[in-house]
Amino acid sequence: MEKVKCLIIGSGPAGFTAAIYASRANIAPVLYEGIEPGGQLTTTTEIDNFPGYPQGVTGSDMMADLKVQAERFGADVRSGIITEVDLSQRPFKVTVNGGESVIEAESIIISTGATARYLGLESESKFRGMGVSACATCDGFFYRKKIVSVVGGGDTACEEATYLASLCSKVYLIVRKDFLRASKAMQERVFNTANIEVLFNHNTLEVLGDDDGVTGALLVDNEGVNKTIDIDGFFLAIGHTPNTSLFKGVLELDAEGYIITKPGRSLTNIEGVFAAGDVKDSHYRQAITAAGSGCIAAMDCERYLSSL
Ligand code: NDP
């Protein structure tokens, strides 16, 4: 059975930053890229707020650079999915690709990220990629001068609605309650944007469309009255689900399923298992905070290994 000192699960900014630090610390990390190599950033377009890129950078380019940087210091980056973990004793046992191989790991850094949520409507799945999207920054470009809707009332929904309003002729913000959960500043931006119409107390019953994609949405208000809106794009911004199904019942998770770590550190409730990035952060969810968190995890991991 293959034995590794440090196994990193996930290949977003947290995972690759952990790999850079861990390889420079000579703990020979092996990183499994997971279902979405490069993570969520590969589905965004331009990143303008990552320090050090004055002209901006695309998510895919940044992730490709991070991979090259990690490999430059000797990180062993592999494609593959971790499908099972046994953290009951050390070394930990980790199954790759449903049993293709099993690895013994002295330490594990979990950086599996989070996944955008969908409403779960059949029509929503039918038109996914044909007008239904959970990423305005990735797909907004295709809806220039068109009409779109955004579902959600949090900061993400408000941010995406204002972003889309700068491209589209009109944006409906579909909010299930009678208030926005977003910060006051974000709410003000929404209310001060002339081409955003907020539909409070509305839920989506169906995404409407034809062979060419989305044409509308059937909504219902909290009094049971139906309403159809004509739209070309239907965006979801209703939060994320942390990718922690592998760790349920094993690691301490919060009510939403995010891994709980010691404040300011990456330590989980199991010694030798560390967490970094969006999988443990429901709040900041930025590439830069995930990268910082990956650095912390690698340093915690290195200290742990040297204490053995
Ligand atoms: P949130 O969990 O804050 O908001 C999710 C929104 O989606 C809520 O309005 C919720 O409604 C709504 N929602 C959830 N499920 C459904 C459903 N089935 N149907 C309709 N509506 C639904 O997620 P965000 O992604 O907006 O934000 C996550 C975190 O990231 C927050 O802490 C936020 O502050 C932070 N963030 C910060 C930003 C910034 O500072 N620039 C930018 C983006 C995010 P309800 O209110 O009724 O529960």
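The values are calculated or read from the model by the stated rules, or taken from the named source; none is laboratory data. Note that the structure is a prediction, hence the values are computed from the model and not measured. Please note: Cβ atoms are built from the backbone with ideal geometry, for glycine as well, and neighbour counts cover all protein chains shown. Ligands, DNA and RNA are stripped out before the accessible areas are found, and what is left, the full protein with its side chains, is counted by its heavy atoms. Shrake-Rupley method; radii C 1.70, N 1.55, O 1.52, S 1.80 Å.
Table for the structure above
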item	result
Relative packing of 1-13, 52-64, 98-110, which averages over residues the other C-beta atoms within 10 Å, highest first	1-13, 98-110, 52-64
Mean accessible surface per residue for the chain, computed with a 1.4 Å probe while every protein chain stays in place, in Å²	49
MRE, 222 nm, helices only [DSSP H, n ≥ 4, -39500 (n - 2.57), over the chain, to nearest 500]	-7000 deg cm²/dmol
Cβ-isolated cysteines (cut-off 4.7 Å), the chain	6, 158, 168, 295, 301
Global geometry of the stretch 118-236, whether rounded, prolate or oblate, following the gyration tensor of its Cα atoms and the 1.5 cut on a/c	oblate
At R0 = 22 Å, FRET efficiency that the Cβ-Cβ distance of residue 2 and residue 61 yields, to 0.05	0.10
Cα centroid of the stretch 45-115 to Cα centroid of the stretch 225-261, whole Å	21
Cut-off under 5 Å, modelled amide H: who pairs with residue 83 long-range	95, 96, 97, 98
Protection-proxy order for peptides 85-95, 249-259, each taking the mean of Cβ atoms within 10 Å per residue, highest first	85-95, 249-259
Accessible surface of the chain, 1.4 Å probe, proportion on carbon and sulfur as whole %	49
Two-site FRET efficiency, residue 195 against residue 256, from Cβ-Cβ distance with R₀ of 35 Å, rounded to 0.05	0.60
Net charge of Cβ neighbours under 15 Å - reference residue 140; Lys, Arg +1; Asp, Glu -1	-2
Mean Cβ neighbour count within 10 Å, used as a protection proxy, ranking 215-228, 158-171, 17-30, 192-205 highest first	17-30, 158-171, 192-205, 215-228
On Cα atoms only, tilt of 59-72 relative to the major axis of the chain in degrees	0
On Cα atoms only, tilt of 155-165 relative to the major axis of the chain in degrees	50
Calculated diffusion of the stretch 44-160, Stokes-Einstein form, Kirkwood radius summed over Cα pairs, 10 °C and 1.306 mPa s, µm²/s	87
